[in-house]
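None of the figures in this text is laboratory data; all of them are computed from the coordinates on show. Note that the coordinates shown come from a computational prediction; the quantities given were computed from them, not determined experimentally. Note: ideal-geometry Cβ built from the backbone for every residue, glycine included; neighbour counts use all protein chains shown.
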Amino acid sequence: MELRGIGIGQGVAVGTVMRMPDPLPEPAVSPSLLTPDAEGDRASKALAAVAADLMHRGERAGGAAQDVLEAQAMMAEDPTLSDDVTTRLAEGKTAERATFEAFAAFRDMLVAMGGYMAERATDLDDVSQRVVAQLAGLPAPGVPDPEHPFILVARDLAPADTALLDLEKVLGLVTSDGGPTSHTAILAREKSIVAMVGTADARRLVDGDEIIVDAANGVVITSPTPAQKTDAAARIAERAARANAPVRPGALADGTPVPLLANLGNADGAAKAVELGAEGVGLFRTEFLFLAAANAPTVTQQQDQYRRMLKEFPGKKVVVRALDAGADKPLAFLNDADEENPALGLRGLRALRASEDILREQLTALARADAETEAEVWVMAPMVSTVEETRYFVTLAHELGLKTAGVMVEVPSLALLADRVLQQADFASIGTNDLTQYTLAADRMLGSVAHFQDPWHPAVLRLVADVGAAGADLGKPVGICGEAAADPLLAVVLVGLGATSLSMSPSALADVRESLAHYTLEQAKDLAAAALAADGAASAREAATVAAEQARRESAIETEPSPADAPASA
Ligand code: PEP
Ligand code: MG
């Protein structure tokens, strides 16, 4: 049997299932036998203990996991939440019941907000369970810890669990809930865990079931046949060999260079990215540095942060994105409007332009950090939709001392006018995540429309081709910095459509580097033509797969020794 879901990364894992234990039951509604003050004391001690435990787990985990766990600890310490608990205790409820209800009310509020906030509801549920367990004197719900390796199956994982997974034992992860942007997905990607999220039928898996998790194809195979297991083992070995292959610059089989760059949110991941062969940074998401800031960071604070990143890449390109605030990444100091459709609202360059002093300060800080370091700094604006906006941003960046200024192509209007856009901009970088969202009119944060969020769609590919053609005509670089660049086969198609560099999460670099090396530029163009001629995302992927197999067969024939070269037999 095959269960479908959303695969994270390209991994494959084979193993036996262990399920996360079921959540604790809802605390009873029966009235408390203690005074509200005594219950209040119990509740505040439990909330503080859970917050301290989450902070402690965060320190142990480090990296992105630490940010997530600290955010959860802050949920436990939220003063509005504790006020709500106190109000409920005054009605004679137990601490268990009052905290449970207060968290549930908080959760409903997040879900009603939708998008990114709704995806944080799982984080809140986890804190609630931990507090109720603490009050009941039970162990915190969490990952099982058997003696043997296993594939963890859960409804969804709380960040606290994902962060501390023992990667020696957890061969893979399957969740029935969660979308491609849930924390489970983000952390799985960062830790290179073979993972599938949103696998609705995973509920049917029970402890001891043997399964294959094939993230590359978005499928879980239950009761695999010996042939399926042999195939999976071969793919696991191939992938391990790729990860250990020597790191070299990205290039096609005919030597055409395709620089492979890293997507980074802060300097902490830079050393690892370089180790994995990143030839620079293709997308530095600066807004990630300031997600928690209530006020705009000063020029000096920004200069310090940018210098830290640039210092890691002497002589290499670092493409810095101006703050992309709004929609899934709201910044308190840039977005204050209450918008019905924030993805279509005052986000990205529109928000920066509405607070031009903040944009000027950011560009000034970047120009100063550029002057202090050896990196080759490029700057680009997010969410640009007109030629006029392009001219505005590029002129301002040049005026403030940044030599190379470009735009992200994330909105179809910009791709459609790429020939005019690239007359103004020094380069373009295609953000396929948003370009897909806006082309297919499907909110990228919403699980119910996740199947539309597929960059293989020929409508998206045609827009990429338009930008690629404009770049080639005008001699301007066209990079790709959305998740699409991390798909090894799609990466070849994107190069065939005219992309001149690819930027991705560092964990994807080895797979993409290996894939590119199999095809010449002519063959990449053949793959692209095959995908473009399809009428949907699935058929585009299939057509490119067939063209890829043919290209590999042709190359194998060409490299076979001719009879004249064969050694004479005795
Ligand atoms: C994109 O939209 O493809 C992109 C790279 O930007 P982000 O994912 O940060 O919106
Ligand atoms: Mg984007």
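Things to note:
- Charge tally for Trp456 (other residues, Cβ to Cβ under 13 Å; Lys, Arg +1; Asp, Glu -1): -3.
- 20 Å Cα-Cα reach of Lys169 towards aspartates and glutamates, excluding residues that sit fewer than 8 places from it in its own chain: Asp145, Glu147, Asp156, Asp161, Glu190, Asp207, Asp209, Glu210, Asp214
- In the range 72-138 the Cα-Cα distances spread across 5 Å bins starting at 0 as 3, 19, 28, 26, 16, 7, 2, 0 percent of all pairs.
- By DSSP, the beta bridges lying fully in the chain are antiparallel in about 30 percent of cases.
- Euclidean distance of C-alpha centroids, the range 467-501 and the range 341-385, integer Å: 23 Å
- Under a model in which nothing but the beta-carbon of Lys, Arg (+1) and Asp, Glu (-1) is charged, the chain shows a dipole of about 760 debye around its Cα centre.
- With distances taken between every two different alpha-carbon atoms, the range 462-570 has a Kirkwood hydrodynamic radius of 15.0 Å.
- Measuring nothing but alpha carbons in the range 370-462 and taking Rh as the Kirkwood radius, the Rg to Rh ratio lands at 1.06.
- Cβ-based charge dipole, the chain, positive-most Cα from Phe103, Gly498, Pro31: Gly498
- Relative to the dominant Cα principal axis of the chain, helix 356-372 is inclined by about 60°.
- Cα point-scatterer Debye curve for the range 253-555, base-10 log of I(q)/I(0) at q = 0.07, 0.08, 0.09, 0.13 Å⁻¹: -0.25, -0.33, -0.41, -0.88
- When only Cα pairs below 8 angstrom with a gap of at least 6 residues are kept, the range 253-555 shows a relative contact order of 17 percent.
- Proxy reagent accessibility, fewest Cβ within 10 Å first, across Leu187, Leu283: Leu187, Leu283
- Subtracting the Cα-Cα distance of Lys229 and Val29 from their residue separation scaled by 0.36 nm leaves 67.0 nm.
- 10 Å binning of all Cα-Cα separations within the chain, expressed as whole percents from 0 upward: 3, 16, 25, 26, 17, 8, 3, 1, 0, 0
- The number of Lys pairs in the range 190-343 with C-alpha atoms less than 24 Å apart, excluding pairs fewer than 8 positions apart on the same chain, is 5.
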